[in-house]
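Everything below concerns the one structure shown next.
The values are calculated or read from the model by the stated rules, or taken from the named source; none is laboratory data. Keep in mind it's a predicted model, so treat the numbers as computed, not measured. Methodologically, a virtual Cβ is constructed for each residue, glycine included, from the backbone with ideal geometry; neighbour enumeration extends over all protein chains shown.
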Amino acid sequence: MEAEEKKPVLTVDLAITLVVAVACVYMFVAAREFRLLGRLFPQVISGVTLLACIAQAVISIRKSRAGAPAKKREGPALHNHLYICAVSIAYLVIMPYLGFVIASIALTLVIPLILGNRNKTVICIVGVALTLIFYIVFKRFFYVPLPAGILPF
Amino acid sequence: MLAGLSAALEYQNLLFLLSGSFLGLIIGAAPGLGPVFGLALFLSMTFRMPPAGAIIFMSSFYAACVYGGSVTAILLNAPGTPGSVATCFDGYAFTKRGEAGRALGISTMASFVGGVMGVMALLLLGPPLAVWSLKIGPPEFFMLALVGLCLVAMASKGNTVKGLMMSGLGLMLSFVGRSVVTAEKRFLFGTLYLEDGVQFVPVVIGVFAFAQAMVLSNDTGSISGEHSSVSGVMQGVKDVLKRPFTVLGNAAAGTLIGILPGLGINAANFICYVGTKNFSKHPEQFGNGAVEGIIAPEAANNGSTTGSLIPAFGLGVPGSATAALFISALMIHGLRPGHGFFESGDNLFPTIIWGMLFAQLAFLVLGLVGAKYFAKITLVPNSLLVPIILVLCFVGSLSYRGMFEDVIVMVVAGFGGYYLQKHKYPLACLILGMILGPLAEDNFCRSMRMSRYSLKIFFERPISLVLFICIIIAFATPPLRKWWKSRKAAAQQ
């Protein structure tokens, strides 16, 4: 007889609930040092939300123990959005140093390649053209303070 | 009025109108920019315009900007302005099933009707509504916030626990920062950045636009796939005309909400969306491509844009940053807000009214003609669309206050928003919580100080009491209805 597949109790749903619950506990405790009017709403709302988190945690655990059908693994999809996130964080880190233009050209070249687009000519043209259009429109016309970085403009 | 009409039709004023509409549409469509940014940018340009031309330019810009936010909300699930957040829920559902053109037609027509109703309210009821808005004080605002929170409870029907969690989280986020009433620094984690609180615009950009980019990255192909239709625009117009009560009711509600200083288009589009869903015969269709799900927020937000100008023009009381910019423009041109503004000589007020009406017509035409071209963006491969959305997200967040920390907030909100959406946590409740939190807390605290910490103040003021009774009725009605039906069924048996 095959052993039953163990269903994980710590699902993403439960993890979200735990994160919100921790935030509720923090807010409730940290609000004690404020004056009455300053702590009333934070404590009431965080208290009620904590109760909702506990209820949701119970629901999530019951669902996972009751043998809810296992979800199909996402395969490449699971990696793509994490890569996008990682590239976005790298973009955030390098933009103040390299500047908006260089960082954005790099972003608009790398992401299509990650997502499977192999038409390098289109990627280069679209990436460079869009970056320059955004730069001109937002920096020159709308005076948005885009970082210049190592470029002189 | 006829003299005002001929003045509004002068070629100079028509030029201001068209340029304002065009610029407003572009700025409204870009996430993070919005009407306040645009009006502040172009205010100095209006110095050399004649007074009527300046107000016509600004109001056509404002109306087109608010409408423009719905274009990206529908096509990319990325609201261009916070006033179009609720449009995402059903607008994007239309796009995913290949009916982007129809959704844009619905949005354009509903926005037009909402805007016209707002202008009519300004023309016919401006002075009395301006005076009436003075009767709304902190207790009434607190009750209105409670009404909004009740709508949250109704909006999360079927998903009540998760809805409660999200609205609680939204409220908790709104408590971060320096308290307006007690001036205490709350939950700052030792940073100066959080003194102003968690900003609404970067969170909205993150939760919708950035999260949407992450969703699109999981999908090869394009948003609407092969079965895209960019030609259903007139079908969308007919959809609106077939639902006169829905569109007029939400336009009126949006106008009334706009008149109340401090509520604004953020609250208007959400409250009307959730209210329409709750009173709909088919609430399960909302969020899956319901026509009313686009009509309600779009009619409301355009109604509230002109509604917000009523206390501004009538009393000089700006209910929003945008209204404050309008008052600045009036004063720069030597005009004084107040009763005199409505009855000023040289046909100024009628000219402005006609200009505002033509402004609604201008974005209606631009929107209907341009819709099928806008909708073509849904045919762009996701591999090219995702970087465009990401760059717009970063630029939009940076343009809000010029602070890099806003971009970090946007990324964090986007990451969180992706997983919340994926696991069916209702984001409408999160956003509504963020909007209503400051309104509820600040006005409750002010009411307590006014009444020396007595709760009687909420029941002694007539408008506040009426709102409280409405809340009781709203909660009591569903169980009472259920009880009555079961009694009737038992009696028939």
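One residue stands out among those in the stretch B:154-177 that are more than 10 Å from chain A (Cβ to nearest Cβ) and within 23 Å of residue B:142 (Cβ to Cβ): the one that is farthest from the chain's Cα centre (by Cα), which is B:177. Against the test of being in contact (Cβ under 8 Å) with a residue 60 or more places away in the chain and either closer than 21 Å to residue B:81 by Cβ or out of contact with any Lys or Arg (no Cβ under 9 Å at 6 or more places or on another chain) (or both), the options B:324, B:267 yield a single qualifying residue, B:267.
If you go through the stretch B:138-148 and keep only what is modelled with pLDDT under 85 and not hydrophobic (A, V, I, L, M, F, W, C), you end up with just B:148. Taking the conditions exactly as written (modelled with pLDDT of 85 or more, within 14 Å of another protein chain (Cβ to nearest Cβ) and closer than 24 Å to residue B:40 by Cα), does residue B:397 satisfy them or not? So residue B:397 passes the test. Can you say whether residue B:63 is more than 14 Å from the chain's Cα centre (by Cα) and crowded, with 24+ Cβ neighbours inside 10 Å, as far as the supplied structure shows? In short, no. Where helices (runs of 4 or more DSSP H) sit wholly within the stretch B:211-296, those with at least 3 residues that are hydrophobic (A, V, I, L, M, F, W, C), farther than 28 Å from residue B:390 by Cα and away from every other protein chain (no Cβ under 14 Å) occupy B:233-241, B:244-259, B:264-279.
Let's see how each residue does on (1) farther than 30 Å from residue B:411 by Cβ; (2) at pLDDT below 90:
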{"site": "B:170", "(1), (2)": "no, no"}
{"site": "B:178", "(1), (2)": "no, yes"}
{"site": "B:192", "(1), (2)": "no, yes"}
{"site": "B:229", "(1), (2)": "yes, yes"}
{"site": "B:242", "(1), (2)": "yes, no"}
{"site": "B:249", "(1), (2)": "yes, no"}
{"site": "B:252", "(1), (2)": "yes, no"}
{"site": "B:257", "(1), (2)": "yes, yes"}
{"site": "B:263", "(1), (2)": "no, yes"}
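Remark: pairs (first residue in the stretch A:47-61, under 19 Å from residue A:26 (Cα atoms); second residue surrounded by fewer than 16 Cβ atoms within 10 Å (Cβ to Cβ); Cβ separation under 8 Å; 6+ apart in sequence or on different chains) = A:50/A:25; A:53/A:18; A:57/A:18.
Taken together, the criteria exclude residue A:109 from residues that are modelled with pLDDT under 90, out of contact with any Leu (no Cβ under 9 Å at 6 or more places or on another chain) and farther than 23 Å from residue B:28 by Cα. With respect to residue B:430, is the statement that it is within 11 Å of chain A (Cβ to nearest Cβ), assigned to a helix (DSSP H, G or I) and more than 22 Å from residue B:270 (Cα to Cα) true? No; evaluated as a whole, the condition is false for this residue. Among residues of the stretch B:463-490 that are at pLDDT 80 or above, those with a beta-carbon under 9 Å from a residue that is surrounded by 10 or more Cβ atoms within 10 Å (Cβ to Cβ) and polar (S, T, N, Q) at least six positions away or on a different chain give the pairs B:464/B:447.
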